[in-house]
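I have placed the structure first, in the form of structure tokens, so that the comments after it can refer back to it.
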Amino acid sequence: LREYRKKEYLRIASKEIAKVCKSQEVYLELSELADACLEIAIDIAFSEKKLKEKKFCIISMGKLGARELNFSSDIDIMFVHDNFDYAQEYNKIAQDIISIISDVQFGSFVFRVDTRLRPFGNNSSLSLSVDEYENYYFSFGQVWEKFALTKARFSAGDKYTASRFFSVIKPFIYTKNIDINYIEEVRSMRYKIKHEKLSNYKNNLINP
């Protein structure tokens, strides 16, 4: 995987340097490369654990979810399974996938992995069931999570599990009724984003 990623990076970078493709095509190819590597990582993890039950998938978020990955991006992902009886096994599978993709071996890694966008962040299991996602979002879900999920998409694994996941969370993302509190939260979130961008810009000017 590491050698394959290196070769693909060189191929895609060569196209960009030669200006034979648009930036969007570069982002798309890098995103598809990440999807392919995640699919192989799932196959390796399941093969090593010898688990035949495969109601498990990877949902991509952020730049990967939007197919806007660049050469320095990490990949934001969530692990979803659809059989609570195998929760421990699926959690171990998720741990193995992260190790396969992000551990430094032979002097490099495949991609840096970020799983903090999942419910409760680092305080929860890596892989959660569809029902657990549903219970969390409709009980504790915040406005910023609604917006984050608009970029979510299926990246690897079982498509049926992914379909179940998206059918369950769709009512949470696209709220029918919007009240004044919702609007104020959106305004507050927008202000924080603009403030953070301005702070980063000033820091770059001071410390180029």
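The values are calculated or read from the model by the stated rules, or taken from the named source; none is laboratory data. Predicted model only: the values in this text are computed from it and were never measured. Here the Cβ is made from the backbone with ideal geometry for all residues, glycine too, and neighbour counts use every protein chain on show. Heads up: the accessible areas ignore ligands, DNA and RNA and are worked out on the full protein's heavy atoms, side chains in. Shrake-Rupley method; radii C 1.70, N 1.55, O 1.52, S 1.80 Å.
Of note:
- Between Cys21 and Ser72, the simple label model (points 7 Å from Cα in the Cβ direction) yields a spacing of 2.1 nm.
- Highest-MSF residue in the chain out of Glu132, Glu39, Glu184 [GNM, Cα springs under 10 Å]: Glu184
- Top of Gly62, Gly121, Gly157 by mean-square fluctuation, Gaussian network on the chain, Cα under 10 Å: Gly121
- Accessible heavy-atom area order of Tyr174, Tyr90, highest first, probe of 1.4 Å: Tyr174, Tyr90
- Oblate is the label for the chain, because the ratio a/c of its alpha-carbon gyration tensor axes (a ≥ b ≥ c) is 1.5 or higher and a/b is not greater than b/c.
- In region 94-141, the C-alpha radius of gyration followed by the widest Cα-Cα span (Dmax) gives 13.6, 44 angstrom.
- What a 1.4 Å probe finds exposed on the chain is 52% carbon and sulfur by accessible area, rounded to a whole percent.
- Among Phe56, Ile40, Ile178 - extreme Cα towards positive end, dipole of the chain, charges at beta-carbon: Ile178
- Checking the cross-link pairs Lys54/Lys159; Lys7/Lys54; Lys50/Lys170 against a 22 Å limit on the alpha carbon distance flags Lys7/Lys54; Lys50/Lys170 as lying beyond it.
- Note on exposure: Ser167, Ser60 ranked by accessible area (1.4 Å probe, complete protein assembly) read Ser167, Ser60, with the most exposed listed first.
- Structure-based [θ]222 nm, the chain - -39500 (n - 2.57) summed over DSSP H runs of at least 4, per residue, nearest 500: -19500 deg cm²/dmol
- Projected label distance in nm at Phe140 and Glu48, using a 7 Å step from Cα toward the beta-carbon: 2.9
- Solvent-accessible area per residue for region 75-175 (1.4 angstrom probe, square angstrom): 50
- Gyration tensor verdict on region 1-116 (Cα atoms; rounded if a/c is under 1.5, prolate if a/b is larger than b/c, oblate otherwise): prolate
- The chain: most fluctuating residue of Asn181, Asn83, Asn123 per GNM, C-alpha cutoff 10 Å: Asn181
- Column: log10 I(q)/I(0), Debye, Cα scatterers of region 1-67, q = 0.23, 0.25, 0.29 Å⁻¹: -1.01, -1.10, -1.23
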